[in-house]
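*Asks:* Quick one: this structure, given as structure tokens, is what I'll be asking you about.
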Amino acid sequence: MKMSLQNIVEFQFTANPTYGIQRLRMTPKESERQKILSWEIILKGAKKEIEYVDHHGNVCVLLTFEKDTKSVSVLAQGDIEINKTNGVTNEESLIPKWLFKRHTELAKPGAAIKKFCRDFTGFTGPDLDLVYKVANKLQQTLKYEIGSTKVETAAEEAFLLKKGVCQDFAHIYISCMRLLNFPARYVSGYLKLNDRKEQEATHAWCEVYVNNLGWVGIDVSNNIIVDENYVVLATGFDYKDAKPIHGLQFESENSGIKTAISIQQ
Amino acid sequence: MSFYNEMFGDDGNARLCYFKYLEWLNAPEQKNLIKRREEAENVFRRTGITFNVYSEKEETEKLIPFDLIPRILTGDEWKIIQRGVEQRVKAINSFLWDIYHHQEIIKAGIIPRNLIEQNEAFLPEMIGFTPPSGIYTHIAGIDLVRTSEKEFFVLEDNVRTPSGVSYMIENRETMYNMFPELFSKIKVRSVTEYPAKLLKALKASSPQLVNDSTVAVLTPGMYNSAYFEHSFLADQMGVELVESQDLQIIDGRVAMRTTQGFKIIDVLYRRVDDMFLDPLSFNENSALGVPGIMDVYKSGSITIANAPGTGIADDKAIYSYIPEIISFYTGQKALLKNVETWLCGNKEHLQYVLENMSSLVVKEVHGSGGYGMLIGPAASKQELSAFKRKLVRNPANYIAQPTLSLSTVPVLKKSGLAPRHVDLRPFALVSRDNVFVTAGGLTRVALKKGSLVVNSSQGGGTKDTWILETN
């Protein structure tokens with residue numbers, strides 16, 4: 001399936017920054033599941049410094065902006081093709097799978113998550129069944145509620161609240177799957193909702209590695225296996241190294257971020 | 001326990017390499033040598049060689065005591081050390097490349113995966129990336145102890161940010177100034193070319209293929225315990241000493257503010273720890289690093305020396321595998337021996353350590369500076385049982401080693417010469433095709449009688465280290 005994507009992000013600064021720097025992961029990640037036909041990133045109020053591919057295979061763009069910049073806008077757009085792979089993807093990477101079992105700050109299990117996982121430790125069926133089972137159970141347990149958590153909320157905290165947004169669902173699920181001895185990673189990207197052209201926000205989900213199969217994409221927030229409507233921007237150990245925009249502004253405050261995403265088939 | 005005295009044999013006669021020195025020392029003119037100690041102290045105060053001792057209560061600046069009696073090694077003894085250090089440093093670089101690429105050494109079952117998996121010094125950001133020159137540890141300091149005439153053991157590898165080289169140079173300068181006649185009488189190999197060699201090695205690792213690469217030294221600032229050394233080395237190399245606020249990303253490169261505007265840096269000799277190097281990649285609250293420097297690094301436009309992530313090789317648990325690391329990558333047997341090490345994370349090892357603690361030295365895996373360690377033979381019953389409790393709570397955090405019979409070299413006391421235990425930290429510089437080991441190093445000496453702890457933070461001092469031209 002071919003898609004045209006456009007994502008505009010605008011930052012407004014209240015106090016004048018002395019300097020700013022941002023790392024963008026806003027170019028879809030190439031894999032056997034998705035191919036980039038054309039892609040560009042256009043900046044206003046900022047300068048592109050470097051483009052490189054990080055250890056996860058994400059295309060990173062480093063941008064800076066100067067003193068007294070009032071606003072910065074980033075436009076990422078292009079055409080991609082998504083292959084039907086039943087939610088499974090593979091790519092060449094030197095990161096050993098076991099490293100994806102290491103708990104990370106945002107996806108660290110606490111007592112509550114550990115207790116939740118105890119129901120699954122004795123599971124003897126196929127790995128893939130367990131992958132779905134945990135996702136199902138989580139979806140029944142957690143409530144999707146915008147504004148209930150913050151970007152820095154970690155897995156255990158959100159799990160105790162029993163609610164959160166896609167980022168929290170992803171962290172909780174990663175945390176569980178790692179506890180159950182699966183390599184798991186965080187995915188940030190877009191989900192094309194078929195009833196509309198203008199999309200609400202960037203989305204987040206997970207990939208779990210199943211032996212002899214590959215990375216299986218699971219979206220716990222919607223409880224479905226990732227299909228052709230999902231566009232992967234970046235993958236990482238957790239939100240921290242997969243977020244689309246990672247920035248630092250000095251002596252300034254963000255007064256607002258406006259995002260507009262449009263996806264067309 | 002008997003100790004190898006490097007100056008005098010068991011029969012009380014001086015060893016050959018100290019003959020000429022003792023001839024000078026025993027001359028009537030040197031009768032009041034002890035009084036000249038103050039003179040040396042004044043030299044150090046003038047140059048500003050001090051270090052900070054971190055304690056729970058306060059930070060104090062103090063002078064590391066300098067002992068006027070040099071430690072002398074023959075050319076032959078040095079060869080053992082030099083070859084051993086070279087071999088070790090090469091193997092460590094091969095290990096680092098492998099561990100950040102295909103991890104053949106884990107696949108071969110030589111290093112257990114969990115030593116890497118649970119290690120905070122292992123940086124995923126370095127996976128699949130090769131530093132501009134292929135070198136990870138440009139500067140290495142290997143801590144050695146001597147137990148007999150020909151036996152040297154490696155106590156510790158320092159491949160993140162080894163310090164102490166400024167003392168090696170300043171100790172020599174002080175000796176030159178105070179006793180110029182000694183150096184015409186005895187041919188000692190020079191150490192003063194170290195800064196020039198360091199600059200050359202750093203420039204040779206530049207990502208640019210030009211000759212006039214720009215090098216700078218990054219310091220956390222004047223409150224750092226090794227600030228003197230940072231400014232000393234920058235000064236000696238004739239390069240800029242920079243701090244976080246002097247640096248910025250410009251045109252995809254790291255640039256420093258100078259009086260003539262921004263200047264691009266090709267090679268950054270950083271004395272800032274990994275976790276503080278880049279707030280965009282690591283500790284986001286760090287004010288000591290350069291936001292975006294990892295991005296510049298990964299695009300191949302700057303050399304960071306030593307490379308981020310080298311700490312995985314000088315961890316005390318990995319240390320115990322260095323002989324296997326050497327044979328895996330070089331096919332050779334390790335020339336310098338390791339001290340037998342028990343990893344307390346291993347159940348059988350832990351059992352042994354708990355049963356034999358009073359004869360062992362127990363250290364924290366990530367500890368340094370002699371902090372948080374236990375010397376079994378010197379510990380009281382209470383200290384032993386308190387340490388046991390700590391150990392059992394987090395065994396993987398500790399290693400244990402036998403108490404070694406460190407060699408002694410006399411220090412100068414009012415009553416005359418008195419033997420004290422020493423170690424040696426030689427410094428190696430790694431370039432694309434060779435490893436240069438400075439003929440000398442930092443000799444640290446425990447000033448308390450019978451003490452085996454040489455760390456300056458624990459009251460140790462230093463000596464000038466002489467490698468003789470003759471064998």
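The values are calculated or read from the model by the stated rules, or taken from the named source; none is laboratory data. Just so you know, these numbers come straight off a predicted model, no measurement behind them. With ideal geometry, Cβ positions are generated from the backbone for all residues, glycine too; neighbour counts draw on all protein chains shown. Just the protein is used for accessible areas: all its heavy atoms, side chains included, with ligands, DNA and RNA removed. Shrake-Rupley method; radii C 1.70, N 1.55, O 1.52, S 1.80 Å.
*Asks:* What does the C-alpha gyration tensor say about the overall shape of region B:208-301? Classify as rounded when a/c is under 1.5, otherwise prolate if a/b is larger than b/c, or oblate.
*Replies:* Working: a/c = 1.65, a/b = 1.01, b/c = 1.62.
Cα axes put region B:208-301 in the oblate bin.
*Asks:* Still on this structure, please answer the following. Hey, rough spin-label estimate for A:Lys48 and B:Lys35, points 7 angstrom out along Cα→Cβ, what's it come to in nanometres?
*Replies:* 7.5 nm
*Asks:* Relative to the Cα centre, what is the charge dipole magnitude of chain B, using +1 at the beta carbon of each Lys and Arg, -1 at the beta carbon of each Asp and Glu, and rounding to the nearest 20 debye?
*Replies:* I would put it at about 1060 debye.
*Asks:* With n ≥ 4 as the cut-off for DSSP H runs, can you work out [θ] at 222 nm for chain B, using -39500 (n - 2.57) per run divided by the number of residues, rounded to the nearest 500? Can you show the working numbers first?
*Replies:* Working: 15 runs with 139 residues, N = 471.
Calculated from helices alone, the mean residue ellipticity at 222 nm is -8500 deg cm²/dmol.
*Asks:* Evaluate the charge dipole of region B:208-301 about its Cα centre and quote only its size in Debye, nearest 20, assuming +1 on the Cβ of each Lys and Arg and -1 on the Cβ of each Asp and Glu. Write out the running numbers ahead of the final one.
*Replies:* On the way: 6 positive and 13 negative charges, 23 e Å.
For region B:208-301, the charge dipole is close to 120 debye.
*Asks:* Same structure again: Over region A:88-241, what portion of Cα pair distances is larger than 18 Å, expressed as a whole percent?
*Replies:* 54 percent
*Asks:* Take the alpha carbon atoms of chain B, find their radius of gyration, then divide it by 2.2 N^0.38 Å using N residues; give the quotient. Walk me through the numbers before you get to the answer.
*Replies:* Details: Rg = 22.5 Å, N = 471, 2.2 N^0.38 = 22.8 Å.
Relative to the 2.2 N^0.38 Å estimate, chain B comes out at 0.98.
*Asks:* Also, quick follow-up: To check my understanding: the extent here is largest minus smallest coordinate of the Cα atoms along each principal axis. What are those three numbers for the protein assembly as shown, in Å, largest first?
*Replies:* Dimensions of the protein assembly as shown along the principal axes of its Cα atoms: 101, 64, 49 Å.
*Asks:* I would also like to ask the following. Got a sec? Charge dipole of region A:88-241, +1 on Cβ for Lys and Arg, -1 for Asp and Glu; which of A:Asn222, A:Ser175, A:Val208 is way out at the positive end?
*Replies:* Positive-end residue among those listed: A:Ser175.
*Asks:* Could you compute how much accessible surface B:Leu417 exposes when probed at 1.4 Å, giving the result in Å² to the nearest 10?
*Replies:* 70 Å²
*Asks:* Taking the Cα centre of chain A as the origin, how large is its charge dipole in debye, to the nearest 20, when only Lys and Arg (+1) and Asp and Glu (-1) carry charge on their Cβ atoms?
*Replies:* The dipole magnitude comes to about 520 debye.
*Asks:* Per Stokes-Einstein, at 10 °C and 1.306 mPa s, what whole-number D in µm² s⁻¹ belongs to region B:246-400, with the Kirkwood radius over Cα pairs as the hydrodynamic radius?
*Replies:* Value of D from the Cα-based Kirkwood radius: 85 µm²/s.
*Asks:* Mind listing which trypsin sites (Lys or Arg not before Pro) in region B:316-407 are in a DSSP loop and have 13 or fewer other Cβ atoms within 10 Å?
*Replies:* Working: sites: B:Lys316, B:Lys333, B:Lys337, B:Lys347, B:Lys363, B:Lys381, B:Lys388, B:Arg389, B:Lys390, B:Arg393; in loops: B:Lys333.
The qualifying sites are B:Lys333.
*Asks:* Here's something else I'd like to know. Heavy atoms only, probe 1.4 Å: what % of the accessible area of region B:176-267 goes to carbon and sulfur, would you let me know?
*Replies:* On the way: 2110 of 4380 Å².
So the carbon and sulfur contribution to the accessible surface is 48 percent.
*Asks:* Put simply, what bits of region A:18-57 lose 50 Å² or more of accessible area when the other protein chains are there, versus the chain on its own (1.4 Å probe)?
*Replies:* A:Tyr19, A:Arg23, A:Glu49, A:Ile50, A:Tyr52, A:His55
*Asks:* Before we go on, tell me the buried accessible area for the A/B pair, both chains summed, 1.4 Å probe, in Å² to the nearest 100. Walk me through the intermediate numbers first.
*Replies:* Details: alone 12880 and 21190 Å², together 31740 Å².
Buried area between the two chains comes out at roughly 2300 Å².
*Asks:* Kindly rank B:188-200, B:227-239, A:164-176, B:270-282 from highest to lowest mean number of other beta carbons found within 10 Å of each residue.
*Replies:* On the way: B:188-200: 17.6, B:227-239: 19.5, A:164-176: 27.3, B:270-282: 21.8.
Highest-to-lowest ranking by the protection proxy: A:164-176, B:270-282, B:227-239, B:188-200.
*Asks:* Next up: Using just the helices of chain A, give the 222 nm mean residue ellipticity in deg cm²/dmol: DSSP H runs with n ≥ 4 each add -39,500 (n - 2.57), and the total is spread over all residues, rounded to 500. Kindly include the intermediate steps, with their values, before the conclusion.
*Replies:* Details: 4 runs with 44 residues, N = 265.
Calculated mean residue ellipticity at 222 nm is -5000 deg cm²/dmol.
*Asks:* On to the next question. Could you point to the residue in B:Ala418, B:Thr174, B:Leu202 farthest towards the positive end of chain B's charge dipole, with +1 and -1 charges on the Cβ of Lys/Arg and Asp/Glu respectively?
*Replies:* Value computed over the given set: B:Ala418.
*Asks:* Answer with one residue from A:Val53, B:Val339, A:Ser148: the one whose Cα lies farthest towards the positive end of the charge dipole of the protein assembly as shown, charges on Cβ with Lys, Arg +1 and Asp, Glu -1.
*Replies:* B:Val339
*Asks:* Relative contact order of chain B: what whole-number percent is it, with Cα pairs under 8 angstrom and at least 6 residues apart? Numbers along the way, then the final one.
*Replies:* Values: 892 pairs, mean separation 112.4, N = 471.
For chain B, the relative contact order is 24 percent.
*Asks:* Express in Å², to the nearest 10, the accessible area of B:Thr130 obtained by rolling a 1.4 Å probe over the protein heavy atoms while all chains stay in place.
*Replies:* My reading of the accessible area for B:Thr130 is about 60 Å².
*Asks:* Grab every C-alpha pair in region B:348-471, bin the distances at 5 angstrom width from 0 up to the longest one, and report whole percents.
*Replies:* Over region B:348-471, the share of Cα pairs per 5 Å bin runs 2, 10, 16, 17, 15, 14, 11, 8, 5, 2, 0 percent.
*Asks:* Sticking to Cα atoms, compute the Rg of region A:33-82 to one decimal and its Dmax as the biggest Cα-Cα distance, whole number, in Å.
*Replies:* So, for region A:33-82, Rg and Dmax equal 13.3, 42 Å respectively.
*Asks:* Name the residues of region B:288-313 whose accessible area falls by at least 50 Å² when all protein chains are present instead of the chain alone, probe 1.4 Å?
*Replies:* Residues losing area: B:Pro291, B:Asp295, B:Lys298.
*Asks:* Roughly how many percent of the accessible protein surface of region A:134-265 is carbon and sulfur, given a 1.4 Å probe and a whole-percent answer?
*Replies:* Result for region A:134-265: 47 percent of the exposed heavy-atom area is carbon or sulfur.
*Asks:* What residues does region B:115-131 have that are buried by at least 50 Å² of accessible area in the full protein assembly compared to the chain on its own, 1.4 angstrom probe?
*Replies:* With the partner chains in place, region B:115-131 has these residues losing at least 50 Å²: B:Glu117, B:Pro124, B:Ile127.
*Asks:* May I pose another question? Please give the per residue accessible area of the protein assembly as shown, computed with a probe of 1.4 Å over protein heavy atoms only, in Å².
*Replies:* Numbers: 31740 Å² over 736 residues.
Per residue, the protein assembly as shown has 43 Å² of solvent-accessible surface.
*Asks:* Could you pull out the pairs from A:Lys35/A:Lys133; A:Lys108/A:Lys133; A:Lys240/B:Lys263; A:Lys29/A:Lys243; B:Lys79/B:Lys333; A:Lys108/A:Lys163 whose alpha carbons sit more than 23 Å apart here?
*Replies:* Beyond 23 Å between Cα atoms: A:Lys35/A:Lys133; A:Lys240/B:Lys263.
*Asks:* In addition: From the protein chains alone at 1.4 Å, what is the descending order of accessible area for B:Trp466, B:Trp342, largest first? If you can, show how the numbers build up before the last one.
*Replies:* Details: B:Trp466 0, B:Trp342 30 Å².
Solvent-accessible surface, decreasing: B:Trp342, B:Trp466.
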